[in-house]
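Here the structure is laid out as structure tokens; the discussion comes afterwards.
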Amino acid sequence: MQVPVLTIDGPSGAGKGTVSRAVARQLQWHYLDSGSIYRSLAIASLKAGGNLENVEQVSQIAEQMQLEFDCQAELIVYLNGENISAELGKETTGNAASIVAAYPEVRARLLQKQKDFQRLPGLVADGRDMGSVVFPDAQYKVYLTASAAERGLRRYKQLIEKGIDANLEQITQEIEARDLRDQQRSVAPLTIPTGAIAIDSSDMTIDQVIERVMNLVR
């Protein structure tokens, strides 16, 4: 029996995580946050005192790290048994993750780890290359996006609500730079997967996006 897969791809800050977790809970399917895999690798590499430019060392850490996801409410990520959820959302973590994710050797090591999440009754996979590279035969594919200005504003509001000092212009510039880096990398660049339904969430609420995706699966 083929295990159904729903992929939700798109750039940073488009709302993929919130939407994917909500849909996974409603469908009672397994959940894969590929962005957290790369962010976890970045954290593991930094914790090991590693040089992010040392591809061989980063690849070795990728091979050895053990990850578990829990998305019952908020996403909780365990790296080698340690809850690292609080570190995942940091800008430094995101920027470091974008660097290590560009290495072909690292992506090759993590590809099978991601495929192993495909188990009954189904999988919701959230990332930047889920529908194009990791699960190209997925039955359901979504490409979720929003303007860089809107994504920057969302991120800015999140940080301010947490009491973290933030600069809207700087955040938006970082998002644009990350988009460019993700689109131009030689391996698995950010792209709209073949057969994907494109959803621009710039002027939509999260609930509207969730309903749209649920209707696709239904």
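Quick note: the coordinates plus some simple rules give every number you see, no bench work behind them. Values in this document were obtained by computation on a predicted structure and should not be read as measured data. So basically every Cβ, Gly included, is an ideal-geometry build from the backbone, and we count neighbours across all protein chains shown.
Summing +1 for each Lys or Arg and -1 for each Asp or Glu among the other residues whose beta-carbon sits under 10 angstrom from that of D9 gives +1. What's the longest uninterrupted piece of the chain once you rule out the GluC sites (Glu not before Pro) that are loop residues per DSSP with at most 12 other Cβ within 10 Å? Longest run free of exposed loop sites: 75-218.
Positive contributions from Lys and Arg (+1) and negative ones from Asp and Glu (-1), summed over other residues with Cβ under 13 Å from the Cβ of A138, come out at -2. Considering only alpha-carbon pairs that sit under 8 angstrom and 6 or more positions apart, the relative contact order computed for region 90-218 is 33 percent. By the beta-carbon count within 10 Å of each Cβ, the least crowded to most crowded order of F135, F117, fewest first, is F117, F135. Counting only DSSP H runs of at least 4 residues, each contributing -39500 (n - 2.57), and dividing by the residue count of the chain, the helix-based mean residue ellipticity at 222 nm comes to -15000 deg cm²/dmol.
Here region 37-61 is scanned for amide nitrogen atoms under 13 Å from the site 7 Å beyond the Cα of D70 along Cα-to-Cβ, giving none.
Here the convex hull built on the C-alpha positions of the chain has a volume of 121 cubic angstrom per residue.
Write down the percent of antiparallel bridges among all DSSP beta bridges whose residues are both part of the chain, to the nearest 5. If you can, show how the numbers build up before the last one.
Values: 6 of 23 bridges.
The answer is about 25 percent antiparallel.
Sorting D182, D165, D203, D9 by the number of Cβ atoms found within 10 Å of their own Cβ, with the fewest placed first, yields D165, D203, D182, D9.
Among R107, R119, sorting on how many other beta-carbon atoms sit within 10 Å of each Cβ, with the fewest leading, yields R119, R107. Kirkwood radius, region 62-186, all distinct C-alpha pairs, inverse of mean reciprocal distance: 16.6 Å.
Shown is the FRET efficiency for E211 and Q28, computed with R0 = 22 Å from the Cβ-Cβ distance and rounded to the nearest 0.05: 0.80.
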